[in-house]
Amino acid sequence: MTARVVVLGGGTGGTVLSNKLASKLDDEIDRNDVEVTLIDETGVHVYKPVWLYVAFGEADPSEGRRPLDDLLDRRVQLRTGRVTAIDTGAKRLTVDGTSELDYDHLVVATGARLVPDRIPGLVEGAHDFYSEDGAERLRDALAAFDGGRVVLSVAGMPHMCPAAPVEFTLMVEDWLHEQGLRDASEVVYTAPTERSHKLPPVADWADERFGARGIESHTGFAVERVDPDDRTLHAADGRTLDYDLLVTIPPHAGVDLVADAGLGDDGWVETDPRTLEAARAHDVYAIGDTTDIERPMAGSVAHYQAGVVADRIAAQVRSHRPTAMYDGKVLCFLEAGMDEATFVSFDYDSLPDLREESKLVHWAKGAYNESYWLTARGLI
Amino acid sequence: MSDESAASEAAPSDAPDDDLAAAIAEDPEAVAAFVRRLDDVNELLDVLALATEAADDEMVSSVAGTAGSLGELADEAAEPETIRGARTLLRALGDAGDPDTTYRGVGAVGLLRALRDPEVKRGLAFLVALARGIGRELDRGER
């Protein structure tokens, strides 16, 4: 009997996992003992970190897009469609509301979605670089900017790429220098957390740079509403901030499909932090942003988790006991301006230790972004 | 005698501190220049640390495996006659893949007409030689 492995979502986690499964189980797939199917709504893989550079006119959104068909191993069956229901009891998916697909092993990698409309005025008043359109609009707004108050505000937690708000703030400060606008501008950062970043070592690193570079930082600032007419940002505790250009990290939410399937309460799959098994169903794994695990929503997390789940599923279809465990590994780059970067690396048992930023690490980030497609293919 | 004074008396004269002091005394400029370069060395070490921390066993073996296969392919491709043949094929592929090239369906009549083209005739000679080579390799593989 053929073991049917179905992966939901063609982001970093789903794509890397499918390719790793195809590589590990190549003989089994060739013998029809296993089939691997990836279901994605659009059939296009998007590398979101490119958008940060789109905002500064350093990249084009098309550089972050590739058809999944070009990235997937030929042993993986790609199906384009929207999964509208998961019946974990019957191990059956409904696709596009009509057709059904049975599975033996399911991996949910459906990610997170943006919900900017949860904060009044955010859609009308704020820019973002968390979508292709948003990054392009921000690029145009920055190009037209001739000085004033730039406010970067983290309007919701958790969010994808926890380093991005600090990166954007330091980059825009440097960019204003390059444009000859720094003296005519103020750079302001707000975060809802007690410190400038949830991780104390990153907060220390950021605070030192914010202080040295004259960046105003407001913490514990829970964005309640934006007034686009008055160009004012309002916090729940009554504080207000004026802005000329507002950039926010929009609030994120899980997907309804997960909640409807009973896999997690708020659209995030309740997941074992080490085995990555869903807590509320058998033979279901979750990886990447869609889990409720206390880890950053970062591509590296999805990538490392994909390796673990590929090992576990490969063991299961070979009737071995799966032993691979996720150790909480995270690796993120952190731009300190337009030309220098550092990185953070940590796991469940350690905190990040940040090094001084350097041009070489900035180049390494640029080189990795260019070679990301090798990651998607499961090579690095 | 305290432990501290015992340690100090027992310290050999060629301790690292002494070596460093002697090097500084001998050529302070060179040592200062070396220290200035340590920043660059540290940055290089950061990139090395980044690669070490990002990688895992599977990544290293997958990259090494791919590099090994590419090495074998490169070794095979490095024969002068292979380079000549590959260059011919690659340039022809570039011409065929030109975005201005239109690919109209070719029927039997179109094929016969194309066969009158001297360039197509030369190309066919190449393809026949290629087919002969492939056949030879397949025979070898089966033996």
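The values are calculated or read from the model by the stated rules, or taken from the named source; none is laboratory data. These numbers come from a predicted model, not from an experiment. Here the Cβ positions follow ideal geometry from the backbone for every residue, glycine too, while neighbour counts run over all protein chains shown.
Values as computed for the structure displayed
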quantity	calculated
Residue in region A:161-175 that is surrounded by 20 or more Cβ atoms within 10 Å (Cβ to Cβ), aliphatic (A, V, I, L, M) and in contact with a Lys or Arg (Cβ under 8 Å, 6 or more places away or on another chain) present	yes
Among residues of region A:325-351, those that are surrounded by fewer than 16 Cβ atoms within 10 Å (Cβ to Cβ), within 14 Å of chain B (Cβ to nearest Cβ) and not charged (D, E, K, R), counted	3
Filtered residue count, region A:180-214, keeping only those that are free of Cβ contacts under 8 Å to residues at least 12 places away in the same chain and of a type in the set (Val, Ile, Thr)	0
Tally of residues being in contact with a helix residue (DSSP H, G or I) (Cβ under 7 Å, 6 or more places away or on another chain) and surrounded by fewer than 15 Cβ atoms within 10 Å (Cβ to Cβ) across region A:112-151	2
Residue tally, condition more than 23 Å from A:ASP289 (Cα to Cα) and aliphatic (A, V, I, L, M), over region A:144-185	9
Filter result for B:ALA23 (over 27 Å from B:LEU127 (Cβ atoms) and in contact with a helix residue (DSSP H, G or I) (Cβ under 7 Å, 6 or more places away or on another chain))	yes
Residue ID - nearest to A:THR342 (Cα to Cα), chosen from residues in region B:1-32 that are modelled with pLDDT of 50 or more and among the acidic types (Asp, Glu)	B:GLU29
Index of the failed condition, A:GLY378 passing every other in (1) crowded, with 18+ Cβ neighbours inside 10 Å; (2) more than 8 Å from chain B (Cβ to nearest Cβ); (3) touching a Lys or Arg at 6+ places or on another chain (Cβ under 8 Å)	(2)
Index of the failed condition, A:HIS303 passing every other in (1) more than 10 Å from chain B (Cβ to nearest Cβ); (2) under 21 Å from the mean Cα position of the chain (by Cα); (3) under 28 Å from A:ALA278 (Cβ atoms)	(1)
Condition check for A:VAL188: in a strand (DSSP E or B), at pLDDT 95 or above and either surrounded by fewer than 18 Cβ atoms within 10 Å (Cβ to Cβ) or hydrophobic (A, V, I, L, M, F, W, C) (or both)	yes
Test: residue in region A:307-324 that is among the aliphatic types (A, V, I, L, M), within 13 Å of chain B (Cβ to nearest Cβ) and surrounded by fewer than 18 Cβ atoms within 10 Å (Cβ to Cβ)	yes
Residue check, A:GLY366 crowded, with 19+ Cβ neighbours inside 10 Å, of a type outside the set (Asp, Glu), part of a helix (DSSP H, G or I) and within 13 Å of chain B (Cβ to nearest Cβ)	no
Residue check for A:LYS20: within 26 Å of A:MET297 (Cβ to Cβ) and out of contact with any Lys or Arg (no Cβ under 8 Å at 6 or more places or on another chain)	yes
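Yes/no per residue for (1) within 14 Å of chain A (Cβ to nearest Cβ); (2) modelled with pLDDT of 90 or more; (3) over 29 Å from A:SER23 (Cα atoms); (4) surrounded by 12 or more Cβ atoms within 10 Å (Cβ to Cβ):
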{"site": "B:PHE34", "(1), (2), (3), (4)": "no, no, yes, yes"}
{"site": "B:ASP39", "(1), (2), (3), (4)": "yes, no, yes, no"}
{"site": "B:VAL63", "(1), (2), (3), (4)": "yes, no, no, yes"}
{"site": "B:SER69", "(1), (2), (3), (4)": "yes, no, no, no"}
{"site": "B:ASP100", "(1), (2), (3), (4)": "no, no, yes, no"}
